[in-house]
Amino acid sequence: MWNRKHPIAPGFDWRLKIALDRITPPSVMPRYAMARPAFKPWRLAPIALAGAATVLLALTAVAATGSANPVVWSERATSTIQSVGHAPDPSPSPAAGTEGSPSTAHSVPAPAPKRASPPKAAPKPAPPTDHPHESPRPSPGDDNSGPGSHGPSPRPSPPPDDH
Amino acid sequence: MAAVPDRGQETYQPGSREDFDRLYRSAYPRVYRTLAAILGDSAEAEDCAQDAFVKAFQAWSRWRPDAPAEAWIHRIAVNRAISYRRSTKLRSVGELLRRLGRPRGSADPAQVATQPDLLTALRSIPPKLAAAIVLHHYHGYNNREIAAALGVSERTIGTRLNQAAARLRVVLEESGNAGFSLELRSALSTEQDASSYVEP
């Protein structure tokens, strides 16, 4: 270690070692143990985004349903999904049963032109009844009064002649 | 990420709190002495060393094991010391301008008497050169390791070592040989083997 041809000075290395080994670092609590972790705002971005999306969804639901009750939202959503996914039943054929058939004594109104918008709730086909005066629940296609209206029941057909 | 053996055959896992605590216990004394050699003041060295470990702890999970952990800590500490010396110099320039015309106060005789001339000489050269000298002559890093530790080229380290050696030679020659002789005799009586002593 001791070398006369040292580039700095003879004995520089061990002189430096002796000088620095004499220095005793103070035994203190490390500062990093007491430091708080660095705040990284970008790590909160997904949480903030999710929160904002939730709030937006809630506001939309309140505006659509008019209620702040989540149960109402879920019921409304369920009914909407069901109405969209439920295909409307075809309307019964009108031509076969209009002339003298007792089963068709109740009037079967003329088929209405097809409507573009699907019905909200497709009505069940009316079962045959013994009461000719009772008119079946009209299908939306039967009524000529316009879209979205549950028009009045069709005019009952006159009773058949007895003779 | 796999643990990487350090210079002293220590393995560290990036992001592990226990491993960082172990690194602190192992490296803090050495880092402190490096900074004491650069800054020449124990309080400043402690302050900068603690700051360096705080920064290292915050970046511990991002530490890449392509360099030894202690060398990585040294890099942070040396950069911290350089910044500290720069700000101290700016403050001293301001102080000098403020006291322009008034005689400068003399150094504390007690401090001059007790402070080894070698450390005084190290403090008189730029901190980047002093860091290279300490890492090479005290810690035993070679040029390639120092270059990797400080993030500069090996050629730069070679240049810095040559410049530091030239400056220290002048400073030590100016300070005279008396102190050197006394240190040499005391060191030989306690540390050196008699067979390795060569008459100057």
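Brief remarks on what is shown
- Inter-residue pairs, beta-carbon under 8 Å, first of a type in the set (F, W, Y) and in the stretch A:44-57, second surrounded by 10 or more Cβ atoms within 10 Å (Cβ to Cβ) and part of a helix (DSSP H, G or I), 6+ apart: none
- Residue list for the stretch B:43-59, restricted to those being of a type outside the set (D, E) and at the interface with chain A (Cβ under 7 Å from one of its Cβ atoms): B:Q50, B:F53, B:V54, B:F57, B:Q58
- A:A61 being part of a helix (DSSP H, G or I), under 20 Å from the mean Cα position of the chain (by Cα) and modelled with pLDDT of 70 or more: yes
- Candidates B:Q115, B:Q111: the one that is more than 15 Å from the chain's Cα centre (by Cα) and either within 14 Å of another protein chain (Cβ to nearest Cβ) or modelled with pLDDT of 90 or more (or both) is B:Q115.
- Residue in the stretch B:83-90 that is away from chain A (no Cβ under 11 Å), in contact with a Cys (Cβ under 8 Å, 6 or more places away or on another chain) and at pLDDT 90 or above present: yes
- Any chance B:V170 is within 14 Å of chain A (Cβ to nearest Cβ) and of a type in the set (A, V, I, L, M, F, W, C): yes
- Selection from the stretch A:6-21 of residues that are surrounded by fewer than 16 Cβ atoms within 10 Å (Cβ to Cβ) and modelled with pLDDT of 90 or more: A:D21
- Scanning the stretch A:105-119 finds one or more residues that are surrounded by fewer than 11 Cβ atoms within 10 Å (Cβ to Cβ), at pLDDT below 85 and of a type in the set (S, T, Y).
The values are calculated or read from the model by the stated rules, or taken from the named source; none is laboratory data. Predicted, not measured: the structure shown is a model, and the values here were computed from it. Note that each Cβ is placed from the backbone with ideal geometry, even for glycine, and that neighbours are counted across all protein chains shown.
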